[in-house]
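The values are calculated or read from the model by the stated rules, or taken from the named source; none is laboratory data. Since we're looking at a predicted model, the values are computed, not measured. Here the Cβ positions follow ideal geometry from the backbone for every residue, glycine too, while neighbour counts run over all protein chains shown.
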Amino acid sequence: MALHAHASATPSLVIHGEMRPEWQEIFSPEALAFVAELVTRFGGRREALLKARVERQARISAGELPDFRADTKHIREGDWKVAPIPEALQDRRVEITGPAEPKMSINALNSGAKVFMADMEDALSPTWERVAEGQVALRDAARHALQWQSPEGKLYQLNEKIATLIVRPRGWHLPEKHVTMHGQPIPGGLLDFGLFFFHSAAYMAGKGAGPFFYIPKLESMEEAALWNDVFAYAEERLGIPHGTIKATVLIETITAAFEMDEILYALKDYCCGLNCGRWDYIFSFIKKFHMRPDFVLPDRAQVTMKVPFLTAYYLLLIQTCHKRGAFAMGGMAAQIPVKGDEAANDKAFAAVRADKEREASAGHDGTWVAHPGLVPVAMEVFNKFMPNKNQVDKQRPDVKVSAADLLAIPEGSITEAGLRGNINVSLQYLAAWMSGFGAVPIHNLMEDAATAEISRTQLWQWAYHGATLDSGEVITHALIRRILAEELAKVKPQEGTPYYAAGSFDKAATLLTELIEDKEFKPFLTEPAYERLS
C-alpha cells in the first residue's frame, strides 16, 4: 500500500497512509483534533508509565518478587464499591470476541452471545487498512447499520437483535506509526479510543448502550488511573455525563494480579468488572520471570487452569470483583468446530463444557468464546449454573490467596512435542500477522497474539536456561533451529492461502529466530513485528 502524508487540522498531527473516500469521515479534522488533545494531555504520562515498567522489570530480573503493595493496604481493606452498572451490562454470561473487521463483527454480533468484544488489539493485525476499516466497522456497528458484501456478492447484515458492543483499544505499549505528532508515532490506544469515542459516544449514551470498553495489558493501578483520567476528560470534552463510560479490565499480567483492588479503585467511577485474560497472563508470568531459572514452566499444554497459580488467580479475581460490586469474567474458549468431524467436535465441546462449568460454579459472571459455534455450549452451561443475570452475590469469603500462591511454579515436563508445537504455532501466527490477519485458525483453535507470545517466550526461556527435554536432551539454539527448519517445511505450503501472503513464512522464521536468540528479551513480539508491517 502506498503511503501518503496528510496534514490534519491539527498542525502537529500527520497521517502517513492512504486516505480512501469511505475513511474521510472517520479521520475528520474534528476527530483528529480530539485525538491530538488526548495525546497532548496524556502522552507524557504514558511514556513515564512505560519507563516505570522497564524499571520494575529490571528489579524483578534482579530477584525482586511481586507482592501486595504496602502503600495501598488501605484500599484493599477499605469498604467501597464501584459505581452502579447499567442494565445493558447486567447479563454478560457469554461474550464472543474477534477483530473489529466488518464480516467477523457481523457474525459475532449475530451469534446469540450477550456481548461482542470488538478487538483493536491482540486479534487485529494493525496494518493501516485494518485500523481504518476497523473504525468504520465500529461506527456502523454502534448504529446498528453495519453491512458487508463479499467479493462473490453475498450481503452480510445485522439481525434485529444483536450482542452488546464493547471495544478493546490497544494497550499502552503499542504505538500507531501511521499517525504522528511532532514526528513521533502516537499511542495506538488513544487513537483507537479517541476515534470511536468521538464518533459514537453520544449516540450510544443516548441509547443507554455505552460506550463500553475492555482495557488490556495493565500492569499497575497507576496505569489504570491514566485510563480513568482519559475517560473523565473525554466525557467532559464531548458533554457526556460523568461515569457513562463503563470499562472492564483484563487482568492479564502477573503484576496486575497483585493490584486487582487497586485497579478497580482507580477506575471505580467507570470499571464494571475484571476479566481472566488467561493466555496473556501465562505469557506475562513467563515474561516477568524470564531471567529466573527457578521459574521455568513446563509444556504450555500442561499449564491449565487447574494448576495452583492459575487457580489462585481466578479465585482471587472472583472474590475481589464481587466484594466491590463488579463482575468477574471468565477466560477464552478458543476451539473452532470442525466441519464433518463429529468425533473431534464432541471432544472439543466436552472440553469447553468442562471449562465453563468450572468457571460458572466458581462464581464467574460470564465467559468468553472465540467462535459462534461455541455460543450455545457456553450459554447452556451458564444458564444451568447461573439462573440470575449475574452472581455478584457469590462473595467467596472462603478464598484465601497469598503472594506465594500466585507465584507457585507447577510441576511438569518439557517434551519435544511441546517444543515443536511452540515453534509451529509461532511460525503460523507470525506469518499470518505479517500478512494482515490477527485472528487465525491454527490446529482447530482461533488464535491471537497471546498464543504466539506464550510460545516464543517459552522457547526463549528454555534455550536461555538450557532446560532439558524429558528425553534428556538439552534445549539449545541449534536444536531449535533444526526443528524450526523442519516445521517451516511443513507450514510453507500454506503460502498463498487466505491467511498467508507469499514469503510470509520466511519472514516469520527470520523474526522468530531473532526473538529467540536475542540475549535481550523483547517484551512483546508485536513491537518488532510492527516495524515490518505496512
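The table below gives the values:
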| item | result |
| --- | --- |
| Test result for GLY472, in contact with a strand residue (DSSP E or B) (Cβ under 7 Å, 6 or more places away or on another chain), more than 16 Å from ALA432 (Cβ to Cβ) and assigned to a loop (DSSP other than H, G, I, E, B) | no |
| Residue match in segment 296-312 (condition: part of a loop (DSSP other than H, G, I, E, B), closer than 30 Å to TRP460 by Cβ and of a type in the set (Asp, Glu)) | yes |
| Verdict on VAL35 being of a type outside the set (Phe, Trp, Tyr), in a helix (DSSP H, G or I) and touching a helix residue (DSSP H, G or I) at 6+ places or on another chain (Cβ under 6 Å) | yes |
| Check on PRO410, surrounded by fewer than 24 Cβ atoms within 10 Å (Cβ to Cβ) and under 17 Å from the mean Cα position of the chain (by Cα) | no |
| Qualifying residue in segment 326-345 (condition: crowded, with 16+ Cβ neighbours inside 10 Å, over 26 Å from ALA118 (Cβ atoms), at pLDDT 95 or above and assigned by TED's automatic domain parsing to the domain that holds PRO86) | no |
| Selection count, segment 92-124, where residues are β-branched (Val, Ile, Thr) and surrounded by fewer than 24 Cβ atoms within 10 Å (Cβ to Cβ) | 1 |
| Residues (touching a residue at least 60 places away in the same chain (Cβ under 8 Å) and either among the aromatic types (Phe, Trp, Tyr) or closer than 22 Å to LYS384 by Cα (or both)) located in segment 329-358 | MET329, MET332, ALA334, GLN335, ALA348 |
| Any hit, segment 291-298, residues being within 29 Å of HIS74 (Cβ to Cβ) and crowded, with 20+ Cβ neighbours inside 10 Å | no |
| Flag if PHE231 is touching a helix residue (DSSP H, G or I) at 6+ places or on another chain (Cβ under 6 Å), among the aromatic types (Phe, Trp, Tyr) and assigned by TED's automatic domain parsing to the domain that holds CYS321 | no |
| Boolean, GLY210 is on the phi > 0 side of the Ramachandran plot and out of contact with any Asp or Glu (no Cβ under 6 Å at 6 or more places or on another chain) | yes |
| Segment 183-228, residues that are of a type in the set (S, T, N, Q) and either more than 26 Å from ILE251 (Cβ to Cβ) or not assigned by TED's automatic domain parsing to the domain that holds GLU252 (or both) | GLN184, SER200 |
| Hits in segment 85-118 - residues which are assigned to a loop (DSSP other than H, G, I, E, B) and charged (D, E, K, R) | ASP91, ARG92, ARG93, GLU101, LYS114 |
| In segment 508-534, residue nearest to the chain's Cα centre (by Cα) [restricted to those that are in a helix (DSSP H, G or I) and surrounded by fewer than 17 Cβ atoms within 10 Å (Cβ to Cβ)] | GLU527 |
| Segment 468-498, residues that are modelled with pLDDT under 95 and at positive phi | GLY496 |
| Contacts under 9 angstrom Cβ, first residue in segment 375-394 being over 17 Å from VAL115 (Cβ atoms), partner part of a helix (DSSP H, G or I) and among the acidic types (Asp, Glu), 6 or more apart | LYS384/GLU357; PHE385/GLU357; PHE385/GLU359 |
| Any chance ARG481 is farther than 30 Å from ARG53 by Cβ, basic (Lys, Arg) and touching a residue at least 24 places away in the same chain (Cβ under 8 Å) | yes |
| All helices (runs of 4 or more DSSP H) inside segment 125-244 with 3 or more residues being touching a residue at least 60 places away in the same chain (Cβ under 8 Å), surrounded by fewer than 19 Cβ atoms within 10 Å (Cβ to Cβ) and not polar (S, T, N, Q) | 221-238 |
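Here's the yes/no breakdown for (1) of a type in the set (A, V, I, L, M, F, W, C); (2) closer than 24 Å to SER105 by Cα:
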| residue | (1), (2) |
| --- | --- |
| ALA344 | yes, no |
| ASP365 | no, yes |
| ALA378 | yes, yes |
| PHE382 | yes, yes |
| MET386 | yes, no |
| ASN390 | no, no |
